[in-house]
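Shown next, in structure tokens, is the structure this report addresses.
The values are calculated or read from the model by the stated rules, or taken from the named source; none is laboratory data. The structure displayed is predicted, hence computed values, not measured ones. Cβ sites come from the backbone with ideal geometry, for glycine too, and all protein chains shown count toward neighbours.
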Amino acid sequence: MTQIEKVLIANRGEIAVRAVRTANSLGIKTVVVYSRDDQDSLHVRLADNAVYLGSGSVLETYLNTGKLMEACEQTGADSFYPGYGFLSENPDFARLVTKEGYNFIGPSADVIELMGNKVSSRKEAKKAGIPIVPGSEGAIDDVSKAIDICERIGYPVIVKAAFGGGGMGMVIVNSKDDLEQAVHSAQEQAKAAFGRSEVFVEKYLINPKHIEIQFFGDKQGNVVHLGERECSIQRRHQKLLEEAPSPVVSPVRRAYLGNLVADFAKGAGYVNAGTAEFLFKDGQFYFNEVNARIQVEMGVTEFVTGYDLVVEQFKVASGEPLSFNQKQVDIRGHSIEIRITAEDPLHDFRPSPGQVTSLIMPGGTGLRLDTHLYQGYTVPSRYDSMVGKLIAWDLTRSLCRHRLLTALDEFKISGFPTNMRFHRFLLEDDSFVSGTYHTGTIEERGLLEKVKDEFYAQAVALLAYSQQSSQSTLPKPPSDNWKVQGRRESTGWSV
Amino acid sequence: MEETENPITYEVLLNGERLEITVHPDGSCQVNESVYKPEIETNVHGVEVKVGEFVFKIQDVSGRISIDYNEVNFAYGPVLPQLKRSMRQKDQRKVITAPIPGLISEVPIEPNSVVEENELLVILEAMKMRNEIRAPSKSMVQQIHVRPGDQVDLDQIMVVLIPVSEGE
């Protein structure tokens, strides 16, 4: 056993807040780090200690391993909590932390390395009997070999970075003529984004579903799966909504796939939280990759299983066994999470950071809001646009959907546009209600056009109201931009 | 909506978005290609405006306007046709400003060159996303105010274009 007494949380935003909360509940002291842009962030206020990382890019702050190790030493922290993103899947960092005698709360460096390489993880998955997407099964060094493979599996194909994620370094190819160019372009992108240029090629499935299995391993060698999550609603390969269970996965299928994944992870000596991502098309599952870390969407799994996954991360890292075995895991009811982002759906989800001028939060039974927002907080433009996760639980999917819609109506963030209008249309769309939605649903169902339509209708409603209102107290338009004075004189118009 | 003999076009500013709404004599309102017919109903709960499939609750508390309990910034004024035309003629330049604060990563254009409609002008990185800023029409690049590596604020001027009409 390696008792954790003080943890350094090397992250920001809602996950840093979450980690501080969980550590506090376990009686563990917390140290957080923050950049200049984050000096007013909530995680800084909640933690026992906060270490300033300076200004500049993420490379100089949250990804600066030297500064993080120094912060650890300075504050006497004994372990690192990486969260998701940043250094969470960096094997070199995990190795450094361990070498320096600190506890890394996540899988071992070797496991991160194996899983982080999409080529090696696919090979291992295939060996374990997990179905994978047909493709090159290895990095492409020779374009002519790639051409042969693509002839065999058929176009379209996708060229992907072997190291990486989040949609960077991916190119879709529709014909042989474009392949060579795409391979070079993906290699360049991969090199620029992840420092390694290896790419591989696989069949591109059109509009699949995205379904993933959560699993957990401990140092005693137990690996347990916690069922699936469906995360098909995505924009630019970033997830926007997740639910558990998936409306298309039966209990038999869940047990079958879940056990395959658990055995695969066990074979790899996997300790701590992990997720195996699958694409689902025409009734078939295809392994995509393993995320060797905690996921943003863990909340829906926590709701349907009743377990606190961050608590389990701490327990497992300190050498204790998991709190549950496979038989005890019971999927109860249904949970849906929506990611609230500072993005404007009226302008194709353009980032829209700003200051929170007023905030009304929803609440009640079966509802959870994980956020780092507070009134007066300014969302910095340098980091991810996610400002919170609104998660609902209920006995059935239909009840859960209604609970989430009610919460969404209550939830008010003023000061900058968010994607909440979009989420309402999504939750009310037939494809979501029926559960048939997929990764191309946002475009296929014209959901952004519906957001625009509602906005225009609101503008019309306000115009109609203010014209009718005899004693209107509407604010005057700003006269500098609008040259209101001149017009008012010439038309007799007044507000 | 007020009965009018001729259509009147209003400039509407809603939460920072500028729209033109044309009100027709029958009370229907046109925004871009969409036509809406608002119906106002006042009841004990306040004012409800029905617009197509939508019903909005509007509240007006000493000048603070809310729609479905979300406070909005709203202002409007009529657009005079002659004024509109003269304004457009006076300044033909098209100023491209930063739609979001962020970091300039690429500026693949040269001063005094001609860019086609939709050609890439600037890549602006914010919130881990690459935002492509493109030319609204075929234009001559008159001024470039940003370089790769620059941090820009919201609405900061990045590029100034002079539209080139196809006939010239």
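Do you know which residues across region A:113-138 are in a loop (DSSP other than H, G, I, E, B), surrounded by 18 or more Cβ atoms within 10 Å (Cβ to Cβ) and among the aliphatic types (A, V, I, L, M)? First the steps, then the outcome.
Start the filter on region A:113-138 by keeping residues that are in a loop (DSSP other than H, G, I, E, B), which leaves A:128-131, A:133-134, A:136-138.
Next cut, surrounded by 18 or more Cβ atoms within 10 Å (Cβ to Cβ) only: A:130, A:133, A:136.
Selection gives A:130, A:133.
The residue list A:289, A:228, A:242, A:302 contains one member that is without any contact (Cβ under 8 Å) to a residue 60 or more places away in the chain and part of a strand (DSSP E or B), which is A:228. Taken over region B:1-17, the criterion of being more than 9 Å from every other protein chain (Cβ to nearest Cβ) and assigned to a strand (DSSP E or B) is satisfied by B:8, B:9.
When residue A:216 is tested against the conditions (1) in contact with a Lys or Arg (Cβ under 9 Å, 6 or more places away or on another chain); (2) at pLDDT 95 or above, the lone failure is (1). Do we find that residue B:105 is within 13 Å of chain A (Cβ to nearest Cβ), touching a Pro at 6+ places or on another chain (Cβ under 7 Å) and modelled with pLDDT of 85 or more in this structure? For residue B:105, the condition - within 13 Å of chain A (Cβ to nearest Cβ), touching a Pro at 6+ places or on another chain (Cβ under 7 Å) and modelled with pLDDT of 85 or more - is met. Flag: residue A:215 does not match the condition of being within 25 Å of the chain's Cα centre (by Cα), assigned to a strand (DSSP E or B) and farther than 30 Å from residue A:103 by Cβ.
Condition check for residue A:169 on (1) surrounded by 20 or more Cβ atoms within 10 Å (Cβ to Cβ); (2) in contact with a Cys (Cβ under 8 Å, 6 or more places away or on another chain): one failure, at (2). Is it the case that residue A:149 is surrounded by 16 or more Cβ atoms within 10 Å (Cβ to Cβ) and out of contact with any helix residue (DSSP H, G or I) (no Cβ under 9 Å at 6 or more places or on another chain)? Yes: the conditions hold for residue A:149. Considering only residues of region B:25-56 that are more than 7 Å from chain A (Cβ to nearest Cβ) and among the small types (Gly, Ala, Ser), which is farthest from the chain's Cα centre (by Cα)? Once the filter is applied, the top-ranked residue is B:46.
Listed residues A:404, A:408, A:426; which is surrounded by fewer than 21 Cβ atoms within 10 Å (Cβ to Cβ) and either in the same structural domain as residue A:306 (by TED's automatic domain parsing) or in contact with a helix residue (DSSP H, G or I) (Cβ under 7 Å, 6 or more places away or on another chain) (or both)?
A:408
Checked against (1) at the interface with another protein chain (Cβ under 10 Å from one of its Cβ atoms); (2) free of Cβ contacts under 8 Å to residues at least 60 places away in the same chain; (3) buried (at least 17 other Cβ atoms within 10 Å of the Cβ), residue A:417 passes all but a single condition, namely (2). Highlighted here are the helices (runs of 4 or more DSSP H) found entirely within region A:1-110 that include at least 1 residues which are at positive phi: A:13-25. Do you know which of the residues in region A:332-357 that are surrounded by fewer than 18 Cβ atoms within 10 Å (Cβ to Cβ) and not in a strand (DSSP E or B) is farthest from the other protein chains (Cβ to nearest Cβ)? Across region A:332-357, the extreme among qualifying residues is A:332. Going through region A:1-59 one residue at a time, which ones are among the acidic types (Asp, Glu) and surrounded by 17 or more Cβ atoms within 10 Å (Cβ to Cβ)? Residues satisfying the conditions are A:14, A:37, A:38. Of all residues in region B:122-139, those being under 20 Å from residue A:189 (Cα atoms) and modelled with pLDDT of 90 or more number 4. Only one entry in A:346, A:405 is touching a Phe, Trp or Tyr at 6+ places or on another chain (Cβ under 9 Å) and closer than 16 Å to residue A:419 by Cα, namely A:346.
Against the test of being aliphatic (A, V, I, L, M) and closer than 13 Å to residue A:227 by Cα, the options A:304, A:311 yield a single qualifying residue, A:304. Touching a residue at least 12 places away in the same chain (Cβ under 8 Å) and over 24 Å from residue A:374 (Cα atoms), is that true of residue A:92? When the stated conditions are applied, residue A:92 passes them. Are any of the residues in region A:393-400 closer than 28 Å to residue B:103 by Cβ and either facing chain B (nearest Cβ under 10 Å) or in contact with a Ser or Thr (Cβ under 7 Å, 6 or more places away or on another chain) (or both)? No; the residues of region A:393-400 include none that is closer than 28 Å to residue B:103 by Cβ and either facing chain B (nearest Cβ under 10 Å) or in contact with a Ser or Thr (Cβ under 7 Å, 6 or more places away or on another chain) (or both). When every residue of region A:32-46 is checked against the conditions, none turns out to be touching a strand residue (DSSP E or B) at 6+ places or on another chain (Cβ under 6 Å), outside the structural domain of residue A:384 (by TED's automatic domain parsing) and of a type in the set (Asp, Glu). Could we say that residue B:78 is facing another protein chain (nearest Cβ under 9 Å), touching a Leu at 6+ places or on another chain (Cβ under 8 Å), modelled with pLDDT under 90 and more than 21 Å from residue A:451 (Cα to Cα) here? Answer is no for this residue.
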